[in-house]
Amino acid sequence: MINHGAYTIEVHNNVIAVRLFAEWNVETSQSMCKEFLQHAQQISSAPWACLVDLRQWGLGGPEVWQPILEVNHWCAKSNQKMEAVVCSKIIQEYILRELQKALPDTESAFFDNEGDALLWLADHGYKF
């Protein structure tokens with residue numbers, strides 16, 4: 001099947017930035033999760049943080065969430081300490097709050113712009 005939607009992943013220091021675009025199908029979700037884990041495994045021996053930018057994401061069907069939930073369970077066991085989420089829609093925040101229940105020891109905050117999210121992470125020792 002062909003991926004629908006897109007994403008970018010960048011790693012700087014101990015921060016992974018994930019930016020999501022357009023509406024996703026399960027193939028895109030699985031692809032992003034696989035690539036995310038490859039990057040996260042390289043920095044997970046020490047505490048790390050994640051920046052998630054959803055402002056241009058069109059969501060996707062319910063099948064999209066399961067791979068992300070599985071990654072969140074891995075992150076909870078693998079030293080993720082902070083997560084800054086940038087979103088523009090209430091439904092995005094709701095979905096991320098539900099998915100973050102798999103991250104009980106990860107401090108999370110929501111922002112409407114990436115600059116504030118990056119400042120919050122930097123204030124907690126995670127410079128991008």
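Would you kindly identify the helices (runs of 4 or more DSSP H) lying entirely within segment 18-128 that contain at least 1 residues that are under 21 Å from T8 (Cβ atoms) and touching a Pro at 6+ places or on another chain (Cβ under 9 Å)?
Fully inside segment 18-128 and qualifying: 26-43.
Of the residues G58, G5, which single one is on the phi > 0 side of the Ramachandran plot and more than 14 Å from the chain's Cα centre (by Cα)?
G5
Looking at V85, V71, which one is touching a residue at least 24 places away in the same chain (Cβ under 8 Å), over 22 Å from E114 (Cα atoms) and of a type in the set (V, I, T)?
Only one candidate passes the filter, namely V71.
Can you tell me which residue is farthest from L51 (Cα to Cα) among those in segment 79-91 that are surrounded by 15 or more Cβ atoms within 10 Å (Cβ to Cβ) and of a type in the set (S, T, N, Q)?
Of everything passing the filter in segment 79-91, N79 is farthest from L51 (Cα to Cα).
Say we look at segment 13-29 and pick out the residues that are more than 19 Å from H124 (Cα to Cα) and among the polar types (S, T, N, Q); which of these is nearest to the chain's Cα centre (by Cα)?
This residue is S29.
Are any of the residues in segment 100-120 under 22 Å from H4 (Cβ atoms), surrounded by fewer than 19 Cβ atoms within 10 Å (Cβ to Cβ) and within 13 Å of the chain's Cα centre (by Cα)?
no
So I95 fits all but one of (1) surrounded by 18 or more Cβ atoms within 10 Å (Cβ to Cβ); (2) modelled with pLDDT of 90 or more; what number is the exception?
(2) is the only condition that I95 fails.
Residues of segment 25-43 being crowded, with 18+ Cβ neighbours inside 10 Å and more than 17 Å from A6 (Cα to Cα), which ones?
If the condition is that a residue be crowded, with 18+ Cβ neighbours inside 10 Å and more than 17 Å from A6 (Cα to Cα), then A40, I43 are the ones that fit.
The values are calculated or read from the model by the stated rules, or taken from the named source; none is laboratory data. No experiment lies behind these values; they were computed from the predicted model shown. Virtual Cβ from ideal backbone geometry, glycine too; neighbours counted across all protein chains shown.
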